[in-house]
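Worksheet for the structure shown next.
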Amino acid sequence: MRYLFLLTFAMLFANSLQANESKVCQKCHPIIYEEYYESSHRNASVYNNPIHKAMWDNHPKDEKGYTCAKCHSPSDIEALKSGKLAKNETQIQEPISCIYCHSIKDVEEGESSNTNITTGKTKEFYTAEKGKKGKAEYETTKSWFGLVKESKSSPYHKIDYDNENFYSGNVCMGCHSHTNNEHSFDITMLDAKIDEKDKNSCITCHMPQVLGTKVTINETKTHAYHGIAGIYHMNKNMGEYIEFKLSKNSDNFSVEVINKSNHALFGQAFRQGILKAEINRGGKIIELEPFIFERILAKDGVEVMPWDAKETLKDTLVYAKREVLFKKSLQKNDKLVLTLGVQRISKEGAKKLGLEDNKELTKFRVLKSEKFNF
């Protein structure tokens, strides 16, 4: 009966795909959909992301219109083609839909930014699963004289396991590589690079395997996390890709922050990473001045908005590694706690964009914390 229901569902919802793509996916992928709905992808549009809205509200307007749709709401076909931005169901519910991401065939590299090349097919999607190759179509097998049925693939769509971009993480590079403004200046500075020899990729770090079935029709123990681990969710999981190396001197100590990911940390405009150091000395807590990781954009030596930037006024980002010096000696029996965290936007940036009342945006999110005894 369950399989009959799924087949009926597939036919009933076939015509509604364009209007509500991701909601259709929810029927068979409820756990993944729940994660997606709270993710940065679902919250990428002007209407869901207050920082992006403030940026767009302040951005100079021209005949090109809302060009941000390319990455922030590519599922809104009208906005993508015409540059006209309007509050609609797609902008609210699925600016970057499930189907959009799973239809990316390839990524075309560009000087200003990369471009996703999609298949245009509505019922054939790419995914990655070790040990599987080729295209899979729906079928059921019977055992125990027909009493037990096992479903393979989906009654609603075909699955293509052959796209190497979904295994390497290059599928993310259409939007998460670089973004140059009109002055050919990169305003995101992710500096993301993926090599075949890399142990980590966008997928292994930001979409790790977590408990829960990926689909109801054929239950699995785990699935790729679609909430996008990082600045929004599962922050502390990112600590796995960060390492602290401590060096003690006579009148100070240094911390080498080692970045094991494939991109620079904290590169987005107005984003801020913070390294805090706290010493417990005989029960007395000594808080040292935190170190700020940030990239301040400028023009003619003066800080400006990203679209006007032509140069970097300050760059303390963590690329492969960054050494931080704390001008405080460490003594015997000291207990040191190092905590690295991030703010979606700095307090200064929030003030510039009129977002200072939204405390959630400047909230300190812990990425890694480690204790050292002396």
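The values are calculated or read from the model by the stated rules, or taken from the named source; none is laboratory data. The structure displayed is predicted, hence computed values, not measured ones. Cβ sites come from the backbone with ideal geometry, for glycine too, and all protein chains shown count toward neighbours.
Observations on the model:
- Scope the range 85-109; condition assigned by TED's automatic domain parsing to the domain that holds residue 177, of a type in the set (Asp, Glu) and not in a loop (DSSP other than H, G, I, E, B); matching residues: 106, 108
- Residues that are closer than 19 Å to residue 112 by Cβ, without any contact (Cβ under 8 Å) to a residue 24 or more places away in the chain and outside any helix (DSSP H, G or I) within the range 56-84 comprise 61, 62, 63, 64, 65, 66, 67, 68, 83, listed in sequence order.
- Criterion violated by residue 323 - all others in (1) in contact (Cβ under 8 Å) with a residue 60 or more places away in the chain; (2) under 27 Å from residue 251 (Cα atoms); (3) surrounded by 13 or more Cβ atoms within 10 Å (Cβ to Cβ); (4) acidic (Asp, Glu) satisfied: (3)
- Unmet requirement for residue 305, which otherwise passes all of (1) in contact with a helix residue (DSSP H, G or I) (Cβ under 8 Å, 6 or more places away or on another chain); (2) surrounded by fewer than 20 Cβ atoms within 10 Å (Cβ to Cβ); (3) modelled with pLDDT under 95: (3)
- Here residue 354 passes the criteria (1) part of a strand (DSSP E or B); (2) at positive phi except the one numbered (1).
- Residue match in the range 237-246 (condition: over 13 Å from the mean Cα position of the chain (by Cα), under 30 Å from residue 181 (Cβ atoms) and surrounded by 20 or more Cβ atoms within 10 Å (Cβ to Cβ)): no
Quick grid of which residues meet (1) under 14 Å from residue 269 (Cβ atoms); (2) at pLDDT 95 or above; (3) aliphatic (A, V, I, L, M):
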| residue | (1), (2), (3) |
| --- | --- |
| 314 | yes, yes, no |
| 322 | no, yes, no |
| 326 | no, yes, no |
| 343 | yes, yes, no |
| 353 | yes, yes, yes |
| 369 | no, yes, no |
| 372 | no, yes, no |
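- Set side by side, the residues 274, 285 differ, and just one is aliphatic (A, V, I, L, M), over 14 Å from the mean Cα position of the chain (by Cα), surrounded by 15 or more Cβ atoms within 10 Å (Cβ to Cβ) and not assigned by TED's automatic domain parsing to the domain that holds residue 24, which is 274.
- Matching entry among 48, 20, 15 (being at pLDDT 55 or above, of a type outside the set (Gly, Ala, Ser) and more than 24 Å from residue 176 (Cβ to Cβ)): 20
- Residue count for the range 230-263, restricted to those that are within 14 Å of residue 205 (Cβ to Cβ) and aliphatic (A, V, I, L, M): 4
- Residue pairs whose Cβ atoms lie under 6 Å apart, sitting 6 or more positions apart in sequence or on different chains, and linking a residue in the range 100-111 that is aromatic (Phe, Trp, Tyr) to a partner that is not in a helix (DSSP H, G or I), are 100/74; 100/75.
- When residue 267 is tested against (1) out of contact with any Gly (no Cβ under 8 Å at 6 or more places or on another chain); (2) closer than 30 Å to residue 334 by Cβ; (3) touching a residue at least 60 places away in the same chain (Cβ under 8 Å), exactly one condition is not met: (2).
- Within the range 359-373, the set of residues being among the charged types (D, E, K, R) and more than 16 Å from residue 343 (Cα to Cα) comprises 370, 371.
- Residue 216 out of contact with any Phe, Trp or Tyr (no Cβ under 8 Å at 6 or more places or on another chain), without any contact (Cβ under 8 Å) to a residue 12 or more places away in the chain and among the β-branched types (Val, Ile, Thr): no
- Subset of the range 45-95 (residues that are among the basic types (Lys, Arg) and closer than 27 Å to residue 357 by Cβ): 53, 61, 87
- The set of residues from the range 309-345 being farther than 28 Å from residue 186 by Cβ, touching a Leu at 6+ places or on another chain (Cβ under 7 Å) and among the basic types (Lys, Arg) comprises just one member, 328.
- Residues (part of a loop (DSSP other than H, G, I, E, B) and either over 26 Å from the mean Cα position of the chain (by Cα) or under 28 Å from residue 332 (Cα atoms) (or both)) located in the range 288-308: 288, 289, 290, 300, 301
- Residue check, residue 151 small (Gly, Ala, Ser) and modelled with pLDDT of 95 or more: no
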